[in-house]
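Trainee: Structure below; questions to follow.
The values are calculated or read from the model by the stated rules, or taken from the named source; none is laboratory data. The structure presented is a predicted model; accordingly, all values stated were derived computationally and were not measured. Cβ placement follows ideal geometry from the backbone for every residue including glycine, while neighbour counts extend to all protein chains displayed. Side chains are part of the model used for accessible areas, which takes the heavy atoms of the whole protein and leaves out ligands, DNA and RNA. Shrake-Rupley method; radii C 1.70, N 1.55, O 1.52, S 1.80 Å.
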Amino acid sequence: MTSTPRRVIAHLDIDAFYASVELRRRPELRGLPVIVAGSGPRAVVTTASYEARRFGVDSAMPAARARALCPDAIVIAPDFEAYRRASGEVWSLVREQVPVIQSAGIDEAYLELSEEPFPVALLRALVQNVRERTAMTLSVGIGPSRLVAKTASAHFKPAAFVAMSREQAVAHFAAHPPRVLQGIGPKTAERLIALGIRTVGELQAAPTQLLAQRFGERMARELHARAHFFDDSPVEPVRIAKSRSSELTFPTDVADAAALERALVGMAHELGEGLRARGRRARTIAIKVRLDDWTTVTRARTVEHFTNDSETIAVISLELLRAYAPVRPVRLLGVRVASFEDESPAPSPQSPVQLVLPV
Ligand SMILES: [Mg+2]
């Protein structure tokens, strides 16, 4: 009999990251509802302190709505340069202790600890060290896979410190909606509800054939594996792509604006879901249009706040497409996002990128 080597993976997430950076330099705001958001008419909430979240304020919510929900909140404009610096402080402390780290955004990362003799003790010391030296609180999920670790930290934060076996995760999250599982976005969740599947437990028990009919063999297997918290994806300390895109070449060229817009919205949602699954947010949203004569045009806009909200990506893509208004039938349509919050500074929002590339 062969025994599978023990895997120990931790997911670390800085609690209310942007708000914590602000509270660190303005301690008089501690204990108060704080919302970090811009002030433009289309501004969205970058983050909110837990005191503000109690009023229903959440990331990516329109700032106006957040102000209405929590009128006493103190609203602070985001300072992304400060956030990048603070993020660097935390992760360099972590890197001093753990060699294999995979960044999953400005405020979260996976740690490979399988070789560590005492991973829990190491993490306890790390959390304390980070708190003392940076005034940031980490939520920690520990498990045999990235999926268990991430689900645990996300569910029990703030100040979480939870270790779970796969079996414990299977039991613990059975009554929760499938959305708690990373990779299951709102669209998939809706399709599951249409099949009468409202919980992780119901997904665990769903006949694979039923899932395969609705989602195809591959995705059905993946959904089933996730519901049972099977995940053997490695912690990969690689730099992640600088941009993500989704493209579609139409079977026949499309002149109908409504059809183009539908396709664009679909791609925007797909991209948003992918970004959210990876915990990444970007500021530059671009479209690519290739006409039937192979004229290829890209249009991009850099928005004020980092986003992974499908709706925001869709709205901006649509505006870009409407402004371009293709004069000939369209052969290929694409949406791309770039300038991620966890990399070097994005172009200033005052100087939107406007590229026209005839090919
Ligand atoms: Mg966080």
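Trainee: Can you find, among A212, A160, Q128, the residue sitting farthest towards the positive end of the charge dipole of segment 79-217, where Lys and Arg contribute +1 and Asp and Glu -1 at Cβ?
Mentor: A212
Trainee: If you restrict to DSSP beta bridges whose two residues both lie in the chain, what percentage is antiparallel, to the nearest 5?
Mentor: If we restrict to bridges inside the chain, about 90 percent are antiparallel.
Trainee: Relative to the Cα centre, what is the charge dipole magnitude of segment 18-79, using +1 at the beta carbon of each Lys and Arg, -1 at the beta carbon of each Asp and Glu, and rounding to the nearest 20 debye?
Mentor: The dipole magnitude comes to about 40 debye.
Trainee: Viscosity 1.306 mPa s, temperature 10 °C: what is the translational diffusion coefficient of segment 18-79 from Stokes-Einstein with a Kirkwood Rh over Cα pairs, rounded to a whole number of µm²/s?
Mentor: The Stokes-Einstein estimate is 144 µm²/s.
Trainee: Counting only pairs 8 or more residues apart or on different chains, how many lysine pairs in the chain have their Cα atoms under 25 Å apart?
Mentor: Summing the qualifying lysine pairs gives 5.
Trainee: Further, regarding this structure: Percent of accessible area on segment 77-188 owned by carbon and sulfur, 1.4 Å probe?
Mentor: Solvent-exposed carbon and sulfur of segment 77-188 make up 53 percent of the total.
Trainee: So for the chain, averaging the separation of alpha carbon pairs under 8 Å that are six or more residues apart and normalising by length, what relative contact order in percent results?
Mentor: 16 percent
Trainee: Under a 10 Å cutoff between Cα atoms, tell me which one of A255, A60, A149 has the largest fluctuation in the Gaussian network model of the chain.
Mentor: In this elastic network of the chain, the residue with the biggest mean-square fluctuation among A255, A60, A149 is A255.
Trainee: Find the relative contact order for segment 174-227 and round it to a whole percent, using C-alpha pairs within less than 8 Å whose residues are 6+ positions apart.
Mentor: Relative contact order for segment 174-227 comes out at 36 percent.
Trainee: For an R0 of 41 angstrom, estimate the FRET efficiency from the Cβ-Cβ distance between A258 and F80 and round to the nearest 0.05.
Mentor: Calculated value: 0.65.
Trainee: To one decimal place, what Kirkwood hydrodynamic radius in Å is obtained for segment 62-217 from all pairs of distinct Cα atoms?
Mentor: 18.3 Å
Trainee: Take each of the peptides 192-204, 114-126, average the number of other beta-carbon atoms within 10 Å over its residues, and list them starting from the highest.
Mentor: 192-204, 114-126
Trainee: Per DSSP helix of 4 or more residues, -39500 (n - 2.57); summed, then divided by the residues of the chain. What does that give at 222 nm, rounded to the nearest 500?
Mentor: Theoretical 222 nm ellipticity from helices: -12000 deg cm²/dmol.
Trainee: Solvent-accessible area per residue for the chain at a 1.4 Å probe radius, Å²?
Mentor: Averaged over the residues of the chain, the accessible area is 48 Å².
Trainee: The chain: Rg/Rh from Cα coordinates, Kirkwood Rh?
Mentor: Reported Rg/Rh, Kirkwood definition of Rh: 0.99.
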